[in-house]
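The values are calculated or read from the model by the stated rules, or taken from the named source; none is laboratory data. Source: prediction; values computed, not measured. Don't worry about glycine lacking a Cβ; one is built from the backbone with ideal geometry, like all the others, and counts go over all protein chains shown.
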Amino acid sequence: MKQYLFVVLLLSAFALAACGGGTSDTGGITLNEIPAEYVGWTNPLGGDAAAIVAGQAVFEQNCVSCHGATGLGDGEAGVALDPPPANLHKVNELAGEDYVYFVINEGVEGTSMVAWKDTLSQEQIQQVVAYIRATFTP
């Protein structure tokens, strides 16, 4: 009986390990678990038209080279990256604005997505989130 229980526990551990340990991979997009301090974040700028326009300018200056003008991850610098930059249409389909805000702030380990929190102001990051959410629809 003890051996049976041990085998069941061991197989359960393998099954849980195969589940991804806090990440999910859907359509080539890997979504990392959002840290507690970012969960449920809502953009104080919302969908404000002026914020979206300002966010477009920040996006064009800092993000287009990798993510491309259409957000497909096909920017000039992005084509040489491994893994490739995220398709922002797919990110918007799979994740909320709290995830987008988290990734822009903290970057993504193991990719070329850098943390922007020390380069851009929080208002600029909020503007970029507003632009991404309004522009790159699934």
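The set of residues from the range 106-115 being surrounded by 15 or more Cβ atoms within 10 Å (Cβ to Cβ) and farther than 16 Å from GLY78 by Cβ comprises just one member, GLU106.
Taking the conditions exactly as written (modelled with pLDDT under 50, in a loop (DSSP other than H, G, I, E, B) and either touching a helix residue (DSSP H, G or I) at 6+ places or on another chain (Cβ under 6 Å) or surrounded by 10 or more Cβ atoms within 10 Å (Cβ to Cβ) (or both)), does GLY20 satisfy them or not?
yes
Against the criterion of being charged (D, E, K, R) and in contact with a strand residue (DSSP E or B) (Cβ under 6 Å, 6 or more places away or on another chain), LYS117 does not qualify. Checked against (1) more than 25 Å from GLY28 (Cβ to Cβ); (2) part of a loop (DSSP other than H, G, I, E, B), ASP74 passes all but a single condition, namely (1). The single condition among (1) of a type in the set (A, V, I, L, M, F, W, C); (2) more than 14 Å from ILE34 (Cα to Cα); (3) in a helix (DSSP H, G or I) that VAL100 does not meet is (2).
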